[in-house]
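Notes to accompany the following structure.
Read-outs throughout are calculated quantities, based only on the coordinates presented, and are distinct from any laboratory measurement. Predicted model only: the values in this text are computed from it and were never measured. Backbone-built Cβ (ideal geometry, glycine too); neighbour counts: all protein chains shown.
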Amino acid sequence: MGVLRALGDSFSGTLADQWKDIFTAGRFDEHVVVAPGVLQSTNRGRGANVRGSEGVITSGSLIYVPENTAAFIFSGSGIENVISQPGTYEYQNGQQSIFNGGGIGESLFSQMGERIGYGGISGDYKQIAFVNLREIRDIKFGTRGPLMYNDKFYGTDLEIFAYGSFAIKVIDPVRFVRNFVPPNVMSYTFDDPAARSQVLSDFLQSFIVAVNSLSAECRISQLPAKANEIAQCVHSDPANAGTWRERFGFDCVKVSIENIEFSPESRELVKQFSSNKMNVKAYEGVSVEAGNMAAQQKIAQGIQDGGLGEMGGMLFGMNMAQGLGPVGQMPGTPGAGAWPGQPAAASVTNPSSEIAPAEPAASASAVKPQALSLDDQLNAVKKLKELLDAGILSQDEFEAKKKQILGL
């Protein structure tokens, strides 16, 4: 039974494979890099080439090669032929056909005899695949953890996360098929995580190197505008993505940085830096008087928050010394008046007048401070009121000092 079946299959298969075939590229999307050749067997329901054997290409078949693709013809020996120019090509290295000028004996009987030896099938197995030579765009990337960036503007290491996309292009399709695409694969896309994993790992390593090389001259906010420089650095990295051309036959041709954001800790550092800088900028170019007023407001705020404490007397003495008048002046000094209740010293008109010496007890009397004049008292109270209004003195401190000055 097996021999009879092999005989029947070889006869029917040989007849079905006499039709010449038409192959073109399968559907490509943005990330498909290898697509299988598609047999055009029917057209709107018309066509009889529907029972041909898989893996058999008849001599005289047509191969349509679209723009930005390269056609690969695979046989038992590997890559049989590569077509890298667009156009229509006729294949003449397949099985003989009576429709391609072959005789009946060579096209039918010799093939039937060969197929019987293989159980009724052909010993040939050929496939056609198309490689996408256009840019494979919008391959997303993102740093898996925080990336350290030494920003010279802030003068510290900041943690950032970067997100974006990059594009690759097949430069050497033969090297790409041999070194990157797995064996016996007619369809390959970078949407597959397994296909994208190695490329992303290499790219991120080169991206980190490229970004850090720009830290000496660029602020973080300028990195998105440096996408071309980053792409060039990635392309020339001798350890990772820069080796793609020699290893896999494709290259990184574009890098697009969509977003760069700080880690929460680095964001707080930048906010604090900006706040401090704005506080300093606020006082640039103002007058000395306005600056002193701002400083007094700061001091008043601190006193309001923490109180005067032991510094109250010192602040009072520093601010009021000039307005308290000649307190502490001794009688007899220039400008000093008489003590209350004591007559003024008589002017010396007769140097020879005898003046009774003072009693020792009287000379040892305690020296009293000179009382303030009414104007001095009013000026001192006025200055105290200004300190009270500025918030430097509390109401209780103001009342105590006022009573001290007025002698109440």
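How much net charge surrounds residue 244 when only other residues with a Cβ under 11 Å from its Cβ are counted (Lys, Arg +1; Asp, Glu -1)?
The answer is -1.
Putting +1 on Lys and Arg Cβ atoms and -1 on Asp and Glu Cβ atoms, find which of 31, 92, 58 reaches farthest to the positive end of the dipole of the range 2-132.
With unit charges placed on the Cβ atoms, the residue in question is 58.
In the range 1-141, if the dipole is taken from +1 on Lys/Arg beta carbons and -1 on Asp/Glu beta carbons about the Cα centre, which of 75, 105, 6 is farthest to the positive end?
The residue sitting farthest along the positive end of the dipole is 6.
Please report, to two decimal places, log10 I(q)/I(0) for the range 2-132 at q = 0.12, 0.19 Å⁻¹ as given by the Debye formula with identical point scatterers on the Cα atoms and no solvent.
Calculated log10 I(q)/I(0) at the listed q: -0.49, -1.07.
In whole Hz and in residue order, list the ³J(HN,Hα) couplings for the range 220-237 that follow from phi through the Karplus curve 6.51 cos²θ - 1.76 cosθ + 1.60, θ = phi - 60°; x for Gly and Pro.
Whole-Hz 3J(HN,Hα) from phi for the range 220-237: 4, 5, 8, 4, x, 7, 9, 4, 5, 5, 5, 4, 5, 5, 5, 4, 9, 5.
For residue 20, go through the lysines and keep the ones whose alpha-carbon is under 20 Å away, minus same-chain ones fewer than eight residues off.
Counting by Cα, and skipping residues close in sequence, residue 20 has these lysines nearby: 126.
Given a Förster distance of 56 angstrom, what is the FRET efficiency for residue 376 paired with residue 229, based on the Cβ-Cβ distance and rounded to 0.05? Each step should come with its number before you reach the end.
Details: r = 74 Å, r/R0 = 1.32.
Step by step, r from the Cβ atoms, then E = 0.15.
Which lysines does residue 254 reach when only Cα atoms under 22 Å apart count, and residues fewer than 8 places away in its own chain are ignored?
140, 169, 226
What is the set of long-range amide H partners of residue 69 at a cut-off below 5 Å, with H atoms built 1.01 Å from backbone N?
Those qualifying (amide H under 5 Å, at least 5 residues apart or on another chain) are 133.
Rounding to the nearest 20 debye, state how big the charge dipole of the range 73-194 is about its Cα centre with +1 on each Lys and Arg Cβ and -1 on each Asp and Glu Cβ.
On the way: 10 positive and 13 negative charges, 21 e Å.
For the range 73-194, the charge dipole is close to 100 debye.
Suppose R0 equals 45 Å; then what is the FRET efficiency for residue 109 and residue 186 from their Cβ-Cβ distance, rounded to the nearest 0.05? Don't jump to the answer; show the numbers that get you there.
Working: r = 33 Å, r/R0 = 0.73.
Taking R0 as 45 Å, the efficiency between residue 109 and residue 186 is 0.85.
Under 16 Å from the 7 Å Cα→Cβ point of residue 163, by amide nitrogen: which residues of the range 255-278?
256-264
For the range 376-388, what does the Karplus curve 6.51 cos²θ - 1.76 cosθ + 1.60, with θ = phi - 60°, yield as ³J(HN,Hα) per residue in whole Hz, taken in order and with x for Gly and Pro?
5, 4, 5, 5, 5, 5, 4, 5, 4, 5, 5, 5, 5
Send over the Kirkwood Rh of the range 90-216, from the inverse of the averaged 1/r over different Cα pairs, rounded to one decimal Å. Walk me through the numbers before you get to the answer.
Numbers: mean 1/r = 0.0504 Å⁻¹.
When all Cα pairs of the range 90-216 are included, the Kirkwood radius is 19.9 Å.
Could you work out how much longer the chain between residue 99 and residue 263 gets when fully extended? Use 0.36 nm per residue separation minus the Cα distance between them, nm to one decimal.
Values: separation 164, 0.36 × 164 = 59.04 nm, distance 7.03 nm.
Stretched fully, the residue 99-residue 263 segment lengthens by 52.0 nm.
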